[in-house]
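Okay, so here's the structure we're looking at.
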Amino acid sequence: MNDPYLVLGVPPDADDAAIHAAYLAGIKRYPPDRDPQRFEALRTAYEAVRTRRDRLAHALFDASPPTLGEVLDKLAPAGEARRPDAALFAALLKGTP
Amino acid sequence: MKKQRKPLPFPKPTAAPSIESVEDTAGAARRDLQAGRFREAINRYKDLLKQGDAPDWRHGLAEAYAGRAGELTEKGMLKEALVIWDNRRQLGEAASPSPVHADLLLRLGQSAAATALYRQAQPLGDEAAIAALGAKLAAHFLAGDPGIAEGLAPDDPILVHGTAARAALAAYCAGDAQALAASLAGIPFRSPYRDWAQILKALQRLSEQPEAAKTLLARVADGSAFVNLRRAAELALVPEADLAARLTGAGEAVSRFALILRGWGDERQALWQEATRVGSSPQRLLRLMYRHRARLGEDWVRQGALRLVAGDLPRSLSWLQEAGVKRPTPAETALMAGWQADQARSPGRIVGAWHHYADVLGAEAEPVRGSDAALRLALVQRHADRQAFILQSAGASGEAGELDQVVAATMGRSLIHDPDDTDIYLRLGTYYRQIKDFKEARHFLGAALTRWPDDLQVLTASLDLALATNAFKKATGLARSILDLDPINTGARERLVKAHIAHARKQIRALRTDLAMKELDQAREWGGEAARERIELTAAFISVVGARRSDRGTEVLREQAERLGGGLRASLALGMEAVAVGQPLTLVLRQAGLAKAKHGGREDLLACLARLRTHLDGGERLSRDLGASLQGQLKAAASLDLSAQEAEGVCETLRRGALDEARLAFATAALRRWRGAPRFEFHAFEARYRGARWAKDNDLDRITSALERAQEEGDNRTVHRLEELLREFGAPFFSPHGFDDLDDFDDPDDLDDFDDFDDDFDPIRIVVANLVQSMGLDGLFNMLGLDPKLKRQFQEIKREQGTDGLVDALKVLIGEKLNGLGLPTLPRPPRTPKPPKPSKPKKKTRGSDEDPPDQMDLF
């Protein structure tokens with residue numbers, strides 16, 4: 001489905017203002033020079049659900065099936081990047097694949 | 001119970017037969033080694049070493065041991081591999097300590113043996129091996145292996161730099177950037193921890209500077225002791241879309257490390273593992289979604305399920321049943337049919353599917369205007385056109401068809417449910433204007449103008465409609481509105497000027513010069529200086545018409561011709577205007593003194609062609625009469641000194657104006673200066689043969705050579721054009737002039753033999769002979785629509801059996817065609833004495849009669 005709501009991080013019933021705010025926050029966090037792919041995804045998502053007409057059209061005509069990544073994003077979204085602990089470092093240093 | 005030994009997969013090699021020489025065995029051992037047959041190589045080298053000692057054999061055996069140990073390690077037979085490494089070590093100096101051996105020792109927890117190996121390597125002086133072994137030990141030292149420190153000298157770099165390396169690890173894990181930087185500063189460039197330092201720097205930059213992180217990671221080689229960390233960090237940088245594929249090939253520790261870096265929590269990782277364990281086919285994903293439907297949301301799961309099965313209907317309906325999902329409703333089925341139609345990309349199918357879905361939605365209940373249901377219905381009613389560009393295509397063709405009329409009507413109805421989409425009014429207005437249903441166009445654009453009076457797109461579309469319907473007063477008002485909103489809208493201004501001039505010309509044709517003058521006044525008001533020349537030229541013809549071809553008219557025309565330079569530019573401008581206002585071209589040019597005008601040099605030529613280009617850019621054509629009138633003057637200008645770029649520009653413009661005689665002259669002149677230049681070869685050939693179905697062999701050869709040269713020069717446009725020409729004209733045998741013996745048919749006396757019908761009168765044979773005589777062989781072939789293969793066959797018959805044989809063969813074919821038309825059988829003529837042969841006339845020169853009149857010699 002390439003769920004634009006997931007990309008923007010807004011609920012499916014979000015209105016124009018909420019979507020616009022989420023888009024602005026997203027592109028501020030991932031500007032094109034830092035993460036061009038994420039920026040492009042945000043732009044595409046925003047264009048897809050910017051207005052009420054867009055949202056209804058997306059629901060009707062976007063026939064792309066959901067992906068495992070989307071299912072995971074809904075069930076257990078990825079959070080902030082973390083740092084592995086010393087034990088995990090040790091495992092890799094010892095050659096554990 | 002003692003494990004029974006499995007039989008060996010290969011028979012144990014026996015000692016080399018006595019008849020095999022030492023050289024033979026050494027050669028075989030080398031071949032075994034190269035082919036990866038390590039066991040066989042080991043046995044052969046061992047045999048050789050029993051017979052004597054040679055450094056090559058010892059090195060070969062060491063290599064074979066290392067290869068075999070590697071095989072065993074890959075199979076997980078670590079202890080067995082270690083035995084092989086020990087055997088290798090017994091070879092002494094021939095077997096330098098290997099990092100792979102050290103790696104195995106470390107994996108088996110034999111740190112002391114690994115450090116011993118490292119110490120053993122140091123006096124041998126193999127810097128690369130020492131560095132690799134040192135990095136292995138350093139990685140294990142960092143991992144907390146206590147045995148490493150015990151086996152090393154206190155001043156060994158592994159220990160000396162190890163303190164800083166461990167501090168850096170602690171600082172990174174604690175997120176202390178300052179301490180990390182300080183610790184990394186304590187690791188020199190030539191250190192066993194060099195790769196470690198690169199990786200920590202990269203990890204620091206993963207989020208903020210991913211490209212810099214990638215660069216740092218790229219410095220860590222595949223054989224590094226720290227390569228697993230590099231792989232994990234790289235995996236953390238992989239785009240989301242590629243992650244699944246990359247994770248599949250990665251080990252568990254590497255994946256876990258990467259996923260933590262990406263912010264994946266334990267639950268997400270567990271779900272990922274669950275999903276990848278069962279596979280990610282649509283059915284399995286459907287089951288996973290349905291199992292978690294409470295958290296995912298019932299509606300989201302339902303919508304996702306429909307999309308998962310839509311691509312594989314009707315087989316996939318069983319997946320829904322298996323996952324416990326309800327069967328699709330009629331509306332959902334219609335929606336899925338719409339998605340399938342979109343994929344099929346057939347306009348008819350798209351219209352059918354989406355209009356059906358609209359009917360299903362409309363039948364459920366009349367939607368309340370402004371509701372989601374109403375907007376949804378409107379969107380569905382419009383989707384077919386958005387998907388298949390039906391109105392745009394039909395509009396561009398200017399002709400209405402059944403499909404686009406249905407689509408337009410449905411789109412029109414959609415405005416009842418959603419009247420707020422400007423684009424729909426514009427699309428409908430443009431479509432109806434293009435198919436000349438001006439009433440409907442006015443209906444939609446009028447409604448749009450009422451709703452959005454200041455919308456530039458609506459105003460521009462309304463202006464176009466007003467101009468198309470000659471509503472100049474309205475067009476003026478609309479143009480003023482556009483220019484009020486957008487004062488530099490040159491498009492609106494230009495369109496209006498053009499329309500006024502066009503209207504003025506129409507009035508001139510109707511001899512209403514006063515009205516024409518008013519139109520030109522309007523054009524002057526809007527056009528300003530830029531349009532002055534065009535307006536004045538039209539105004540001149542008002543005077544000419546008003547003077548009713550008197551001396552005053554001639555005077556005006558001469559003034560205009562003089563103002564325009566009296567050459568090519570003047571001829572073109574006055575000629576085009578004469579055609580536009582319906583005045584006799586020849587008379588106008590004669591009165592203007594341009595009937596036999598000469599070109600006015602390079603500037604005049606370029607100005608003339610610039611004017612012609614502008615005329616053609618406006619979508620207008622050059623009249624045939626004017627074109628014919630200009631060709632002579634243009635041809636005379638072909639000798640002018642032009643740059644290659646100018647000459648090409650001239651040829652391109654003449655091509656667009658279909659002035660092929662002149663183009664041929666320019667291309668030929670250009671080829672004299674730029675011999676074999678592919679772009680001019682193209683123009684020369686195309687100008688000569690435009691509309692023809694055959695070409696001379698040597699001309700085809702020339703464009704074949706030009707094609708090769710254009711390919712070498714990378715001139716893709718000319719390559720494409722020449723390829724098109726060659727495709728169009730096919731092989732050389734299309735040319736009647738490619739066969740000298742066809743000249744035989746030029747002389748009717750050569751067909752005298754066919755008159756001998758006393759004994760075997762054959763009317764079809766006579767017809768064939770006459771056709772061959774009058775049309776030439778290729779002309780006849782083309783008339784009969786023969787394919788190249790058949791043509792080749794007839795040519796072969798002609799070569800092998802002569803004219804008689806050819807006519808006989810053609811007779812069969814033509815006879816069938818004539819009979820197929822139901823023509824009456826030709827009466828047999830009465831027997832008459834054969835008349836005496838007239839004296840043989842002089843043979844016609846080749847290409848005299850059969851050449852089309854417009855085809856001159858090219859070179």
### Task
Count, please, the residues in the range B:271-284 that happen to be in contact with a Gly (Cβ under 9 Å, 6 or more places away or on another chain) and either modelled with pLDDT of 90 or more or more than 9 Å from chain A (Cβ to nearest Cβ) (or both).
0
### Residue count, the range B:22-80 (criterion: under 53 Å from the mean Cα position of the chain (by Cα) and assigned to a helix (DSSP H, G or I))
17
### Message
Restricting to the range B:497-519, give me the number of residues that are under 25 Å from residue B:459 (Cβ atoms), open to solvent by less than 20 Å² (accessible area, probe 1.4 Å) and at pLDDT 85 or above.
### Response
4
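Mind checking which helices (runs of 4 or more DSSP H) fall wholly inside the range B:248-312 and carry at least 3 residues that are over 18 Å from residue A:6 (Cα atoms)?
Output list reads B:252-261, B:266-278, B:282-291, B:298-310.
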#### Entry: Meets criteria (over 15 Å from residue B:306 (Cβ atoms), within 11 Å of chain A (Cβ to nearest Cβ) and touching a residue at least 40 places away in the same chain (Cβ under 8 Å)) for residue B:383
yes
## Note on the structure
Per the list (1) surrounded by 21 or more Cβ atoms within 10 Å (Cβ to Cβ); (2) part of a helix (DSSP H, G or I), residue check on residue B:343 breaks on (1)
### Message
Which pairs turn up if I take residues in the range B:347-362 that are within 14 Å of residue B:332 (Cβ to Cβ) and look for partners that are open to solvent by 30 Å² or more (accessible area, probe 1.4 Å) and of a type in the set (Ser, Thr, Tyr) with beta carbon separation below 9 Å, at least 6 apart in sequence or on another chain?
### Response
B:360/B:333
### Query
Quick check: is even one residue across the range A:33-54 surrounded by 15 or more Cβ atoms within 10 Å (Cβ to Cβ), in a loop (DSSP other than H, G, I, E, B) and touching a residue at least 24 places away in the same chain (Cβ under 8 Å)?
yes
### Task
Could you tell me which numbered condition residue B:403 fails, if it satisfies all but one of (1) modelled with pLDDT of 90 or more; (2) of a type outside the set (Val, Ile, Thr); (3) over 33 Å from the mean Cα position of the chain (by Cα)?
(3)
### Task
Go through the range B:481-499 and give me each residue that's of a type in the set (A, V, I, L, M), in a helix (DSSP H, G or I) and under 37 Å from the mean Cα position of the chain (by Cα).
B:492
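Which count do you get for residues in the range B:329-340 that are more than 9 Å from chain A (Cβ to nearest Cβ) and assigned to a helix (DSSP H, G or I)?
Adding up the residues that qualify gives 6.
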### Inter-residue pairs, beta-carbon under 8 Å, first under 20 Å from residue B:189 (Cβ atoms) and modelled with pLDDT under 90 and in the range B:129-153, second open to solvent by 30 Å² or more (accessible area, probe 1.4 Å) and in a loop (DSSP other than H, G, I, E, B), 6+ apart
B:129/B:96
### Query
Among the listed residues B:433, B:451, which satisfies the condition of being exposed (fewer than 15 other Cβ atoms within 10 Å of the Cβ) and in contact (Cβ under 8 Å) with a residue 12 or more places away in the chain?
B:451
### Long-range neighbours under 6 Å by Cβ, at least six apart or interchain, first residue within 15 Å of residue B:130 (Cβ to Cβ) and of a type in the set (Asp, Glu) within the range B:91-104, second at pLDDT below 90 and not in a loop (DSSP other than H, G, I, E, B)
none
### Query
Could you count how many residues in the range A:55-75 are at the interface with another protein chain (Cβ under 7 Å from one of its Cβ atoms) and either open to solvent by 40 Å² or more (accessible area, probe 1.4 Å) or part of a helix (DSSP H, G or I) (or both)?
11
## Note on the structure
Of the conditions (1) of a type in the set (Asp, Glu); (2) within 7 Å of chain B (Cβ to nearest Cβ); (3) part of a helix (DSSP H, G or I), the single one that residue A:80 does not satisfy is (3)
### Query
If you check every pair at least six apart or on different chains, which have Cβ atoms under 8 Å apart with a residue in the range B:241-270 that is at the interface with another protein chain (Cβ under 7 Å from one of its Cβ atoms) and surrounded by fewer than 16 Cβ atoms within 10 Å (Cβ to Cβ) first and a residue that is charged (D, E, K, R) and not in a helix (DSSP H, G or I) second?
B:263/A:80; B:263/A:82
### Task
Identify all residues within the range B:223-236 that are open to solvent by less than 30 Å² (accessible area, probe 1.4 Å) and either more than 8 Å from chain A (Cβ to nearest Cβ) or of a type in the set (Gly, Ala, Ser) (or both); write none if there are none.
B:224, B:225, B:227, B:230, B:232, B:233, B:235, B:236
### Message
Based on this model, can you work out whether residue A:24 counts as open to solvent by 40 Å² or more (accessible area, probe 1.4 Å), away from chain B (no Cβ under 11 Å), of a type outside the set (Gly, Ala, Ser) and over 21 Å from residue B:384 (Cβ atoms)?
### Response
yes
### Query
Do we find a residue being among the acidic types (Asp, Glu), closer than 21 Å to residue B:560 by Cβ and out of contact with any His (no Cβ under 6 Å at 6 or more places or on another chain) anywhere in the range B:635-651?
no
#### Entry: Boolean, residue A:91 is facing chain B (nearest Cβ under 8 Å), more than 30 Å from residue B:331 (Cα to Cα) and buried (at least 17 other Cβ atoms within 10 Å of the Cβ)
yes
### Query
Mind checking whether some residue in the range A:78-85 is free of Cβ contacts under 8 Å to residues at least 60 places away in the same chain, closer than 30 Å to residue B:143 by Cβ and crowded, with 19+ Cβ neighbours inside 10 Å?
yes
### Task
Check off (1) open to solvent by 60 Å² or more (accessible area, probe 1.4 Å); (2) within 30 Å of residue A:33 (Cα to Cα); (3) more than 38 Å from the chain's Cα centre (by Cα); (4) more than 7 Å from chain A (Cβ to nearest Cβ) for residue B:293 and give me the number that stays unchecked.
(2)
### Task
Look at the range B:410-430 and say how many of its residues are surrounded by fewer than 19 Cβ atoms within 10 Å (Cβ to Cβ) and not in a helix (DSSP H, G or I).
3
### Summary
Scanning the range B:188-209 for residues that are more than 9 Å from every other protein chain (Cβ to nearest Cβ), surrounded by 15 or more Cβ atoms within 10 Å (Cβ to Cβ) and over 20 Å from residue A:33 (Cβ atoms) gives B:191, B:192, B:193, B:194, B:195, B:197, B:198, B:199, B:200, B:201
### Message
If the requirement is being open to solvent by 40 Å² or more (accessible area, probe 1.4 Å), assigned to a helix (DSSP H, G or I) and among the small types (Gly, Ala, Ser), which of these qualifies: B:212, B:135, B:167?
### Response
B:167
### Query
Inside the range B:138-164, can you point out the residues that are within 11 Å of chain A (Cβ to nearest Cβ) and either under 15 Å from residue B:201 (Cβ atoms) or open to solvent by 30 Å² or more (accessible area, probe 1.4 Å) (or both)?
B:144
### Task
Restricting attention to the range A:56-81, report how many residues are under 17 Å from the mean Cα position of the chain (by Cα), more than 15 Å from residue B:382 (Cβ to Cβ) and not acidic (Asp, Glu).
15
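The values are calculated or read from the model by the stated rules, or taken from the named source; none is laboratory data. No experiment lies behind these values; they were computed from the predicted model shown. Every residue, glycine as well, gets a Cβ built from its backbone with ideal geometry; the counts of neighbours run over all protein chains shown. Surface areas here come from the heavy atoms of the whole protein model, side chains and all, with no ligands, DNA or RNA. Shrake-Rupley method; radii C 1.70, N 1.55, O 1.52, S 1.80 Å.
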